[in-house]
1. In nm, to one decimal, how far is the modelled label at Asp108 from the one at Gln96, with both set 7 Å along Cα→Cβ?
2. For a quick check of your reading of the filter: which chymotrypsin sites (Phe, Trp or Tyr not before Pro) in segment 22-67 sit in a DSSP loop and have no more than 14 other Cβ atoms within 10 Å?
3. On full extension of the chain, what length is gained from Asn171 through Thr23, given 0.36 nm per residue of separation minus the C-alpha to C-alpha distance?
4. At 1.4 Å probe size, with no ligands or nucleic acids counted, give the accessible surface of Glu110 in Å², nearest ten.
5. Quick query: amide H of Val53 versus all other amide H atoms, modeled in the peptide plane; which residues come in under 5 Å with a sequence gap of 5 or more or a different chain?
6. So between Asn46 and Ile88, what do we pick up on full extension, going 0.36 nm a residue minus the alpha carbon distance?
7. Just how large is the dipole of the chain about the Cα centre, in debye to the nearest 20, putting +1 at every Lys and Arg Cβ and -1 at every Asp and Glu Cβ?
8. How far apart, in nm, are two points set 7 Å out from the Cα along the Cα-to-Cβ line at Phe36 and at Asn124?
Amino acid sequence: EENAMLREELFTRPINKNLQNKTFETIPATVIMSTFNRGSNFIIINKGEQDGVKSEMGVISTSGIVGRVIHVSDKYAAIMPVLHSQSITSVRLKNQDYFGRCRWNQFDPEVAQMLDVPNHVAINEGDTIVTRGSNGLFPNGEMVGVVISASKDPSEGFQEINMKLSTNFQNLKT
């Protein structure tokens, strides 16, 4: 019970004010190679260091978040997508401001989970999940997915929320 209270406090703290004023530069790119059906998926884009791409930048498509840059060469960059066993993204429920972590289930390239939302929070099918903007990787409010189901775990005090990801990783081009 104490762990549940501490986790709730951690995920309901206000966002760092300095990050709210951060500006994010966009660099349009095209996907030249990607995987979506492995535990350690990756994406290669046709932009690199000479285009201003840096390691640890967030990557966003027209429909939502994609992942983060993990390696950069002069002309190309490698991205760890949301569909990766080690990818964790700070997210929030758009209309309730409860925070949690987005993690991929490693099975379905269209579904991920939002974890660490307390059991007392009312979750409805169709609720929108967006980025929290707390770590500087993504701006606050970028689309992540839509709730398709939620289950409460009384022993842990938190829900497991399944979301349909807004980004189609099977057809990602730009």
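The values are calculated or read from the model by the stated rules, or taken from the named source; none is laboratory data. Values in this document were obtained by computation on a predicted structure and should not be read as measured data. In this analysis, Cβ positions are derived from the backbone assuming ideal geometry, glycine residues included, and neighbour counts consider all displayed protein chains. Only protein heavy atoms, including side chains, enter the accessible area calculation; ligands, DNA and RNA are left aside. Shrake-Rupley method; radii C 1.70, N 1.55, O 1.52, S 1.80 Å.
1. Modelled inter-label distance: 2.0 nm.
2. The qualifying sites are Phe24.
3. Roughly 50.4 nm would be gained on extension.
4. 80 Å²
5. Amide H neighbours of Val53, under 5 Å, 5+ apart: Gly48.
6. 12.7 nm
7. 520 debye
8. 2.9 nm
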